[in-house]
Amino acid sequence: MLKPLIIVIVGPTAVGKTALALRVAQLLHTEIISADSRQCFREMNIGVAKPTEQELALVPHYFINSHSISDEVNAALFEQYALSAANQIFNQHNVAVMVGGSGLYVNAFCNGLDAMPNIDPSIRKEIIQNFESKGLSWLQQQIQQYDAEYWQKGEQQNPHRLMRALEVVKATGKSILYYRSNTPVERPFRILKIGLEMPRAALYERINTRVLAMMEEGLLEEVKQLQPLQHLNALQTVGYKELFDYLNGFVSLDKAISLIQLNTRHYAKRQLTWFKKDDAIQWYAPQQISDKLILEWLNYKK
């Protein structure tokens, strides 16, 4: 008898992952685990392209609205959360769906995470204080100086990941990459990875249009409500930080919107670069996926 199957749907932002996940889950009568590092936060909705209430009502979802922006959420927490969620789903179904664009979270779930060294809390506190007073550019300069190898390979715009890398190298003298053995763990289920892609020009047009739609839906009002909490790591996110800059008088609204579009395009490019390194992903254009193909996925053997 085949082990339970989890169908993991990945790809760049705005490519259509949510729609496909809902379609697959409904066709196979199962449930969805989100692998998005921001949609788990209750306070963030429009700017993270969270599924609508109607979509959430169609299929049970895990890791959506499960945490607050004041909570520390990371890949290690997600790994344990998602494994527990998968176990719950497999108690009722032989297949589950995971969907999201957070490559580190998907990797943690599929392959496990390496043990990281303990960090003196004073080192972490000092880095956080410096970041809050000096900003992202200071953090980027520190990583370039102390961990050039990570700077070349890591997420250069993600302050949480940069702070984590900096605290490790400050505490141990070794790059965070040293502690990543890349030895996958064995999971008690099959994992089929499906990637969605489309021509870059079409994807970028979708991104630009979606940002404008978010503004019409009330993204600025959402960000205004969160302005008192703008220092939180969860809010150092494309779509929020640019509008904080507008609200703080640093840029015009038109400039903020164009920066959201630009930074989202850059994010999509980084996502594709990450996922294209994984040879296990089977790539499709959204229109290539038929119900017949989805049903064939159930027989995936690995």
* To do: Scan (1) assigned to a helix (DSSP H, G or I); (2) more than 18 Å from the chain's Cα centre (by Cα) for the single condition Asn107 breaks and write down its number.
  => (2)
* Asked: Mind checking which residues of region 123-173 are within 19 Å of Phe244 (Cα to Cα) and assigned to a loop (DSSP other than H, G, I, E, B)?
  -> Gly135, Gln157, Asn158
* Structure fact -> Across (1) part of a helix (DSSP H, G or I); (2) surrounded by fewer than 16 Cβ atoms within 10 Å (Cβ to Cβ); (3) modelled with pLDDT of 95 or more, Gln92 clears everything bar (1)
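Could you tell me whether any residue of region 244-252 is crowded, with 18+ Cβ neighbours inside 10 Å and under 27 Å from Asp71 (Cβ atoms)? Reasoning before the result, please.
Here is the first cut: in region 244-252, the residues crowded, with 18+ Cβ neighbours inside 10 Å are 244, 246.
Within this subset, residues satisfying the condition of being under 27 Å from Asp71 (Cβ atoms) are 244, 246.
The answer is yes, given that some residue of region 244-252 is crowded, with 18+ Cβ neighbours inside 10 Å and under 27 Å from Asp71 (Cβ atoms).
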* Go through the residues of region 68-80 one by one and say whether even a single one is closer than 27 Å to Tyr300 by Cα and free of Cβ contacts under 8 Å to residues at least 12 places away in the same chain. => yes
* Qualifying residue in region 180-200 (condition: surrounded by 12 or more Cβ atoms within 10 Å (Cβ to Cβ) and in contact with a Ser or Thr (Cβ under 9 Å, 6 or more places away or on another chain)) -> no
* Asked: In region 111-152, which residues are hydroxyl-bearing (Ser, Thr, Tyr) and either touching a strand residue (DSSP E or B) at 6+ places or on another chain (Cβ under 7 Å) or surrounded by 11 or more Cβ atoms within 10 Å (Cβ to Cβ) (or both)?
  -> Tyr146, Tyr150
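Within region 234-264, how many residues turn out to be farther than 21 Å from Lys153 by Cβ and assigned to a helix (DSSP H, G or I)? Explain how you work it out, then say what you get.
To start, the set of residues in region 234-264 that are farther than 21 Å from Lys153 by Cβ comprises 234-235, 237, 239-262, 264.
Okay, now just the ones that are also assigned to a helix (DSSP H, G or I), so 234-235, 241-247, 253-262, 264.
Qualifying residue count for the region: 20.
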* Structure fact -> Contact list, first residue from region 222-245 and over 16 Å from Thr264 (Cβ atoms) and at pLDDT below 95, second anywhere and of a type in the set (Ser, Thr, Tyr) and surrounded by fewer than 16 Cβ atoms within 10 Å (Cβ to Cβ), beta-carbon distance below 7 Å, six or more apart or interchain, is Leu232/Ser70
* Flag for His231 being out of contact with any strand residue (DSSP E or B) (no Cβ under 8 Å at 6 or more places or on another chain), in a helix (DSSP H, G or I) and not assigned by TED's automatic domain parsing to the domain that holds Gln129 -> no
* Being over 19 Å from the mean Cα position of the chain (by Cα) and within 30 Å of Leu83 (Cβ to Cβ) narrows it down to one of Arg270, Arg200, Arg190, so name that one. => Arg190
* Asked: Looking at region 105-126, which of its residues are aliphatic (A, V, I, L, M), closer than 30 Å to Lys50 by Cβ and modelled with pLDDT of 90 or more?
  -> Val106, Ala108
* Pairs, first at pLDDT below 95 in region 206-218, second loosely packed, with under 13 Cβ neighbours inside 10 Å and of a type outside the set (Lys, Arg), C-beta under 8 Å, six or more apart -> none
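Rundown of residues vs (1) within 22 Å of Leu293 (Cβ to Cβ); (2) surrounded by fewer than 21 Cβ atoms within 10 Å (Cβ to Cβ), yes/no style:
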site	(1), (2)
Leu5	yes, no
Pro12	yes, no
Thr30	yes, no
Ser37	no, no
Asn45	no, yes
Leu56	no, yes
Pro60	no, yes
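The values are calculated or read from the model by the stated rules, or taken from the named source; none is laboratory data. It should be emphasised that the depicted structure is a prediction, and the values quoted were computed from it without experimental measurement. Quick reminder, even Gly has a Cβ in these numbers, built from the backbone with ideal geometry, and neighbours come from all protein chains shown.
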